[in-house]
Amino acid sequence: MAIWRDYKSEVIFGFVLLSAVVLSYSLAHLIPLSFYSQALNPILNGCIAMTSIFGAYILFRHHGGVHVRILWACSLLVWAALCTMLLLKVMAFNEPMDTEQTISPHGLDLIIGNFLALLLVLYPTAVLRPGYLNVKRALTIWLPIIVLAVLDYVTPFDLRWLLAIYPVIVGGLLLFYHLRAYQRWCEENYSTLEHIDARWICRYMIMYFFNGVAYTIMSFSYSPAHAFTQQWLLLLMLAYSTEQILFRQDPWNIFDRSKAAKAKRAAISVHTTDWSEELEITEEEEPLTPELTNAQYVEQLKHWMETEKPYQDPEFKLIDLRQILPLNRTYLSQLINSEFNCTFYQFVTNYRIEEAKRLMRENPELKMQDISEQCGFSSPTVFARIFSRETGMTPREWSNKM
């Protein structure tokens with residue numbers, strides 16, 4: 001039930017997308033092969049190419065020094081180049097893009113498909129865990145592909161199905177390995193997760209999974225229905241991802257508080273590829289030794305939260321606690337976890353919810369938008385969703401009951 005509560009919208013998104021895939025596959029059976037190969041397929045590839053080129057252009061112009069944007073822009077250019085080559089095949093040589101001969105792909109075809117699919121895995125991995133994918137790990141991911149391709153060629157066993165689904169398996173493992181740690185890290189450092197949480201990565205990986213399954217089925221049982229479904233899924237995935245990466249906040253810039261901190265992180269990143277090590281080392285000040293007991297720090301923190309109400313700022317972060325507690329980020333996080341038995345995000349959310357209840361009790365005439373602003377929520381929609389999740393009823397229901 002906890003998983004359903006935390007990722008309810010992503011589960012619904014998966015069911016909606018699955019329904020769209022099934023409907024698309026059913027209706028696409030009416031498409032003649034000749035029409036699809038000579039007209040519809042070039043149009044879809046042209047849309048993918050234009051979306052990729054435009055997205056790469058926008059990302060290169062507005063990357064803002066965020067490495068994951070540059071990485072995704074390069075991935076888009078690879079997809080644009082592939083689709084452009086397929087278009088030239090039709091326009092220059094008057095050859096259909098797809099024929100019945102694509103039913104049985106060879107090992108080399110699947111290796112190329114794996115390469116393109118793994119490009120799509122680099123993006124969420126770089127978002128969830130910066131610096132994780134180095135040369136050694138990349139070779140480790142690629143080695144099974146080469147081994148399977150060689151075994152498929154030299155042995156009588158047909159390993160093409162395993163080779164085709166390999167990117168889906170790798171993508172799923174990377175997601176589950178890094179997702180919870182990323183979500184936990186964000187909750188330990190931010191009080192608002194609207195632009196940094198990992199839920200959109202879940203939607204990305206759902207689309208990635210359906211793309212991988214559609215491509216695998218299409219490779220071994222070609223039809224216009226399979227190809228059409230796989231192409232619009234890919235187009236949706238590229239467009240959605242580009243939009244998200246442009247407007248989502250990079251959570252790792254929490255330590256970029258000064259030019260000195262940026263320079264220090266740049267120097268350290270040359271010597272390490274472990275994101276956890278880098279984040280620990282690059283705090284803007286040296287770690288400070290606690291001078292008081294945890295109980296004394298807790299009393300100071302409670303008094304500050306109740307009198308100054310810093311949580312009214314939607315951009316309130318863990319490191320902002322240093323205004324009252326002279327401790328480093330790691331110790332602050334441990335203090336919240338041990339003394340309040342929750343993350344920083346939940347700690348601040350509790351104060352915001354209690355403040356909202358107080359305002360609704362004392363000022364029933366206040367609009368929900370005014371209450372959400374005074375409590376530090378980023379929008380009335382976010383306020384209503386979080387309040388309902390924490391109390392089991394909407395703000396209006398709670399106000400009427402009181």
Once you have a ≥ b ≥ c as the square roots of the Cα gyration tensor eigenvalues for the range 4-59, tell me rounded if a/c is under 1.5, and otherwise prolate or oblate according to whether a/b is larger than b/c. oblate
Where does each of HIS226, HIS67, HIS29 land when they are ranked from fewest to most other beta-carbon atoms within 10 angstrom? HIS29, HIS67, HIS226
Everything considered on the Cα gyration tensor (a ≥ b ≥ c; rounded for a/c under 1.5, else prolate if a/b is larger than b/c, else oblate), the range 2-252 must be described as prolate
Percentage relative contact order, the range 283-401, counting C-alpha pairs under 8 Å, at least six apart: 22
Mind listing which GluC sites (Glu not before Pro) in the range 330-362 are in a DSSP loop and have 12 or fewer other Cβ atoms within 10 Å? none
Relative contact order (percent) for the range 2-252, with alpha-carbon contacts under 8 angstrom and 6 or more residues of separation? 29
Report, in listed order, any pair from LYS302/LYS367; LYS317/LYS367; LYS8/LYS357; LYS8/LYS302; LYS317/LYS401 with a Cα-Cα distance greater than 31 Å. LYS8/LYS302; LYS317/LYS401
Separation of the range 358-378 and the range 169-218 by C-alpha centroid, Å? 33
Counting other beta carbons within 10 Å of each Cβ, put THR381, THR51, THR349, THR229 in order, fewest first. THR381, THR51, THR349, THR229
Taking the Cα centre of the range 166-214 as origin and charging only Cβ (+1 Lys, Arg; -1 Asp, Glu), how large is the dipole, in debye to the nearest 20? 160
Taking the number of other C-beta atoms within 10 Å as the exposure measure, put LYS367, LYS357 in order starting with the fewest. LYS367, LYS357
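Readers should treat all values here as calculations from the given coordinates under stated rules, not as data from a laboratory. All figures in this text were calculated on a predicted structure; none of them were measured in a lab. When we count neighbours, we look across all protein chains shown, and the Cβ atoms used for this are built from the backbone with ideal geometry, even at glycine.
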